[in-house]
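**Student:** First the structure, then my questions, so here it is.
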Amino acid sequence: MRFIILSLGALIVGTAACVSGISGSNAAVSDGADPSATPRRTKAVREITYTDAEFDGKEVLMTDAEWKKILTPVEYTMMREAGTETPFSGAYFNNHEDGVYYCAACGLVLFRSENKFDSGTGWPSFYQPAFKKNVIEKVDRSLDEVRTEVLCARCHAHLGHVFDDGPQPTGLRYCINSPALRFKKAEAPE
Ligand SMILES: [Zn+2]
């Protein structure tokens, strides 16, 4: 836990430095405050517009430089440089709450809590995506073993990998990095 707090502190510093360096930018950092106010206030958690529907085919593609302005350093490493979070360290491997997991870069719905299972690997694991169309699967030969990389279909963010040793009904295990996800808790029924 101490590690997470320290990391967050570093992220806040990093984000503030980044934004002050691009003053006037209207990148997708929204704090909901007076838009004319300068300098902009920054938040540790960037606001994202969530999309709950199946991917409509309209990609959100930006350059690495553009993503760098928007994402936190950790998000950038995970999603644009295919990083892997340290197992048992992330926000979601042990999350058992009901809700929906969105792409941390573009907000597209990716996974649902009802398809999540405890894989024991230390990474959030799902046996299927929310919609098959919302993820792209790509052959990854970066290690000796050939793996299947999983990316967000809309913004092509690296999410993790999919393996064929998961539980039924699919037999698949989508092994995903927490920083690539944003969890929205389901609202309690009235
Ligand atoms: Zn995305």
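**Student:** Given the condition within 13 Å of the chain's Cα centre (by Cα) and closer than 15 Å to Arg46 by Cα, answer yes or no: does some residue in segment 95-103 qualify?
**Tutor:** The answer is yes; a qualifying residue exists.
**Student:** Kindly indicate whether Glu137 is within 25 Å of Thr170 (Cα to Cα), of a type in the set (D, E, K, R) and surrounded by 14 or more Cβ atoms within 10 Å (Cβ to Cβ).
**Tutor:** yes
**Student:** Among what's in segment 140-179 and is small (Gly, Ala, Ser) and in contact with a strand residue (DSSP E or B) (Cβ under 9 Å, 6 or more places away or on another chain), pick the residue that is farthest from Arg112 (Cα to Cα).
**Tutor:** Per the stated criteria, the residue is Ser142.
**Student:** Hey, any hits in segment 90-113 for a residue that's touching a Ser or Thr at 6+ places or on another chain (Cβ under 7 Å), surrounded by fewer than 19 Cβ atoms within 10 Å (Cβ to Cβ), more than 21 Å from Ile48 (Cα to Cα) and modelled with pLDDT of 95 or more?
**Tutor:** Scanning segment 90-113 turns up no residue that is touching a Ser or Thr at 6+ places or on another chain (Cβ under 7 Å), surrounded by fewer than 19 Cβ atoms within 10 Å (Cβ to Cβ), more than 21 Å from Ile48 (Cα to Cα) and modelled with pLDDT of 95 or more.
**Student:** Taking Tyr174, is it within 13 Å of the ligand (Cβ to nearest atom) and aromatic (Phe, Trp, Tyr)?
**Tutor:** When the stated conditions are applied, Tyr174 does not pass them.
**Student:** Here is a further query. Name the pairs: first residue in segment 143-168 and within 16 Å of the ligand (Cβ to nearest atom), second residue part of a loop (DSSP other than H, G, I, E, B) and among the hydroxyl-bearing types (Ser, Thr, Tyr), Cβ to Cβ under 8 Å, at least 6 apart or on different chains?
**Tutor:** Gly160/Thr84
**Student:** So, one more: Can you go through Thr148, Thr121, Thr170, Thr86 and tell me which one is of a type in the set (Ser, Thr, Tyr), out of contact with any helix residue (DSSP H, G or I) (no Cβ under 7 Å at 6 or more places or on another chain), surrounded by fewer than 16 Cβ atoms within 10 Å (Cβ to Cβ) and more than 26 Å from Thr72 (Cα to Cα)?
**Tutor:** Exactly one residue qualifies, and that residue is Thr170.
**Student:** Determine which member of the set Thr170, Thr121 is modelled with pLDDT of 95 or more, outside any strand (DSSP E or B), within 23 Å of Phe88 (Cβ to Cβ) and hydroxyl-bearing (Ser, Thr, Tyr).
**Tutor:** The conditions single out Thr121.
**Student:** Continuing with this model, one more query. From Glu66, Glu114, Glu54, grab the single residue that is within 25 Å of Ala188 (Cα to Cα), in contact (Cβ under 8 Å) with a residue 12 or more places away in the chain, more than 13 Å from the ligand (Cβ to nearest atom) and part of a helix (DSSP H, G or I).
**Tutor:** That would be Glu114, the only listed residue that is within 25 Å of Ala188 (Cα to Cα), in contact (Cβ under 8 Å) with a residue 12 or more places away in the chain, more than 13 Å from the ligand (Cβ to nearest atom) and part of a helix (DSSP H, G or I).
**Student:** Given (1) closer than 15 Å to Cys175 by Cα; (2) more than 12 Å from the ligand (Cβ to nearest atom); (3) surrounded by fewer than 22 Cβ atoms within 10 Å (Cβ to Cβ), identify the lone condition not met by Ala130.
**Tutor:** That leaves (3) as the condition not met.
The values are calculated or read from the model by the stated rules, or taken from the named source; none is laboratory data. Note that this is a predicted model, so its numbers are computed, not measured. So basically every Cβ, Gly included, is an ideal-geometry build from the backbone, and we count neighbours across all protein chains shown.
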